[in-house]
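Novice: Sharing a structure, written as structure tokens. Questions coming.
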Amino acid sequence: MLDRVVGIMKGFTIILVLLVSLLAAGCVSSPAPTPVPTVTPTATVSPVPTLIGNNDEAHIQFFYSPGTETEYGGMQKAAPGYLLYIYKVNVSSDKPVQTSLDWFGVEYKVNETDPVQDSRAFIPYIEYPEKTIGSGLGSARGEIFIELPAKMAPGYPKIYYYKPLDKQQGQYKIYDKVYGVVGDVQ
């Protein structure tokens, strides 16, 4: 249907250019206006709900406040050469998505020449909710813990928010890792 409309518009454009050329040359007087046919689009019914922004990609904002400890509240003690990395987090979305602890991961490396390691081994002493966030539903705030080597290459560890697409549920998806930004988690 779009091709037909484009074809009609091209035809009108050619006629208009010819008329303007003839008028400029003084060969033709102004013609009486002729009605222009209009194309009325027909509505189609979609079997799926209308997507916000016409796509299924949700955009995440992820802020965190970092900290480290060798022991946390008498419940957990880091192994020798390791620290407990404690992240206070605040995650929000522009579209409704499910959130839980299994969305978080940490990339790290001890030495600059080491390959990047990826860990999702968060300690079960967590305070992060499982809920739907975004689009008027609010954000998710909490505190998460992971044990990692005490010595890190510059710029590491890097905490991120992402779950493989085949494990994501719901209509809206997060297609790329979203690295946290140090900021206000209130």
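Every read-out reported here was derived from the displayed coordinates using simple, explicitly stated rules and does not represent laboratory data. Only a predicted model underlies this, so the values are computations on that prediction, with no experimental measurement involved. All Cβ positions, even for glycine, are placed from backbone atoms using ideal geometry, and neighbour counts span all protein chains on display.
Novice: Hey, which lysines would be in cross-link range of residue 131, C-alpha to C-alpha under 20 Å, not counting anything within fewer than 8 residues on its own chain?
Specialist: Filter leaves 88, 95, 163, 167, 173, 177.
Novice: Next up: How much length is gained if the chain between residue 118 and residue 94 is pulled fully straight, taking 0.36 nm per residue apart and subtracting their Cα-Cα distance, in nm to one decimal? Mind dumping the intermediate values first?
Specialist: Numbers: separation 24, 0.36 × 24 = 8.64 nm, distance 2.68 nm.
Additional length available on full extension: 6.0 nm.
Novice: What percent does the relative contact order of region 60-182 come to when contacts are Cα pairs within less than 8 Å and at least six residues apart?
Specialist: Relative contact order, region 60-182: 33 percent.
Novice: Each residue of region 107-116 in turn: what ³J(HN,Hα) in whole Hz from Karplus with 6.51, -1.76, 1.60 and θ = phi - 60°, glycine and Pro shown as x?
Specialist: For region 107-116, the Karplus-derived couplings read 9, 8, 8, 6, 10, 4, 8, 6, x, 6 Hz, x marking Gly and Pro.
Novice: Output ³J(HN,Hα) for region 177-186: one whole-Hz value per residue in order, computed from phi by the Karplus curve 6.51 cos²θ - 1.76 cosθ + 1.60 with θ = phi - 60°, and x for Gly and Pro.
Specialist: In residue order, the calculated couplings are 4, 10, 7, x, 10, 5, x, 6, 10, 6 Hz.
Novice: Collect residues whose amide H, placed 1.01 Å from N in the peptide plane, falls under 5 Å from the amide H of residue 104; neighbours closer than 5 in sequence don't count.
Specialist: Here the answer is 162, since their amide H atoms fall under 5 Å of that of residue 104.
Novice: Would you kindly derive the ³J(HN,Hα) couplings of region 64-73 from the backbone phi angles with the Karplus curve 6.51 cos²θ - 1.76 cosθ + 1.60 (θ = phi - 60°), listing them in order in whole Hz, with x for Gly and Pro?
Specialist: Here the 3J(HN,Hα) series is 8, 10, x, x, 9, 8, 8, 8, 10, x Hz.
Novice: In Å, what Rg and Dmax follow from the Cα atoms of region 60-182?
Specialist: 14.8, 45
Novice: Count neighbours as other Cβ atoms within 10 Å of each site's Cβ, and list the GluC sites (Glu not before Pro) in region 100-186 that are DSSP loop with at most 11 such neighbours. Walk me through the intermediate numbers first.
Specialist: On the way: sites: 107, 112, 127, 130, 143, 147; in loops: 112, 130.
Sparse-neighbourhood loop GluC sites (Glu not before Pro): 112, 130.
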